[in-house]
1. In the neighborhood of Asp270, defined by Cβ-to-Cβ distances under 11 Å, what is the net charge if each Lys or Arg adds +1 and each Asp or Glu adds -1?
2. Net charge near Gly215: determine it from the other residues with C-beta under 14 Å of the C-beta of Gly215, scoring Lys and Arg +1 and Asp and Glu -1.
3. Choose one answer from Ala102, Ala153, Ala47: the residue with the largest mean-square fluctuation in a GNM of the chain with alpha-carbon springs under 10 Å.
4. With N denoting the number of residues in region 128-282, provide Rg(C-alpha) divided by 2.2 N^0.38 Å, to two decimal places.
5. What angle, in degrees between 0 and 90 and rounded to the nearest 10, separates the Cα long axis of helix 235-246 from the longest principal axis of the Cα atoms of the chain?
6. Just to be sure I understand, if you calculate volume of the Cα convex hull per residue in Å³ for this structure, which of [x] 166; [y] 120; [z] 151 do you get?
7. Take every Cα pair under 8 Å in the chain that's 6+ residues apart, average their separations, divide by the length, and report that relative contact order as a whole percent.
8. What accessible area per residue, rounded to a whole number of Å², is obtained for region 29-279 using a probe radius of 1.4 Å?
Amino acid sequence: MIERGEADWRSAAAQPAELALDEVRPLSPVTTPCRVMCQGANYRQHAIESGMDPDAREFNLFFDKTDAAVTGPCDPVVRPAHVTLLDYEIELALVLRGTVTAPTTITPENLHDYVFGVTIANDLSARDVQLPQGQFLKGKSYRGFCPLGPVLAVLEPEDFTLLDDLELRLEVNGSLRQTDNTANMLYKPAETLTELSEFCNSDPGDVLLTGTPHGIVAGSPPALVRRLATALLPEDKMWAAFVKINQRKPYLQPGDVVTASIRNAAGTLDLGTQQTTITGPKPTGGESRS
């Protein structure tokens with residue numbers, strides 16, 4: 001669609017709809033294979049709850065997910081049998097345009113040459129894999145751990161200023177867990193994509209998740225507590241204590257329903273509402289332990 005279909009979809013968009021949205025099951029607007037790249041601690045308050053000083057940040061934090069995690073905006077997501085600390089992270093996702101194979105300077109003025117559109121992502125994360133094992137890729141890439149959609153908003157060049165004032169909102173079972181505005185991003189899309197081009201190629205349809213606001217379940221203990229725990233406990237016992245303590249917190253459970261929305265106050269850019277139901281593994285499933 002990005003490379004060869006622009007004339008077709010623009011023509012189709014001008015025609016009246018034949019089906020109502022509630023008559024169909026929307027799929028992920030991003031198809032696989034694709035790269036799924038991510039930023040960490042990219043909102044001021046989330047950096048603080050992660051134990052960082054947002055005013056002293058000297059680097060943009062990058063990691064990635066595998067595209068096996070990509071799923072639709074209304075598809076159920078299975079919590080693997082060995083995961084008990086399943087966390088949510090609403091994020092604005094940039095869907096990329098064009099091919100980048102060398103360091104490239106991207107500015108707010110030419111950002112439209114590199115970003116095709118935006119959608120909603122939920123960077124679901126198994127904290128009891130990600131943190132004790134140091135396995136960001138594995139802990140964030142189980143199948144279904146990246147719901148995308150429902151709306152892929154294709155941006156015109158004049159629309160890109162709207163990205164600086166979008167409200168993100170995530171609820172679990174109707175209870176508000178996360179809310180913030182993209183105005184509070186520490187590293188904006190243009191500078192992030194410029195830095196990303198220094199060490200990562202990208203192709204049409206690849207995705208960049210631009211970070212989550214505060215309000216996730218996982219939190220970082222104060223630096224003094226972390227230093228004491230490291231000094232007094234063997235690493236395996238320290239992480240076993242971490243998991244045990246965190247099991248008292250409201251991590252996602254089978255049956256929970258996560259809703260996520262991103263829009264601006266004026267309603268001129270609205271990415272719809274994503275709804276994800278968490279399920280348990282099938283009794284006959286072959287989920288292996290990590």
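The values are calculated or read from the model by the stated rules, or taken from the named source; none is laboratory data. Not measured: the values here are computed from a predicted model. Positions of Cβ are backbone-derived with ideal geometry, glycine not excepted, and every protein chain shown enters the neighbour counts. Heads up: the accessible areas ignore ligands, DNA and RNA and are worked out on the full protein's heavy atoms, side chains in. Shrake-Rupley method; radii C 1.70, N 1.55, O 1.52, S 1.80 Å.
1. Details: positive: Arg263; negative: Glu167.
Residues close to Asp270 contribute a combined charge of 0.
2. On the way: positive: Arg44, Arg169, Arg177, Lys249; negative: Glu49, Asp87, Glu89, Glu91, Asp123, Glu167, Glu171, Asp180.
Result for the neighbourhood of Gly215: -4.
3. Fluctuation is largest for Ala102.
4. Numbers: Rg = 18.6 Å, N = 155, 2.2 N^0.38 = 15.0 Å.
Dividing the Cα Rg of region 128-282 by 2.2 N^0.38 Å gives 1.24.
5. Tilt relative to the chain: about 70 degrees.
6. Step by step, volume of the Cα convex hull per residue in Å³ for this structure corresponds to label [z].
7. Details: 607 pairs, mean separation 82.7, N = 290.
Computed value for the chain: 29 percent relative contact order.
8. On the way: 10700 Å² over 251 residues.
Ligands and nucleic acids excluded, the result is 43 Å² per residue.
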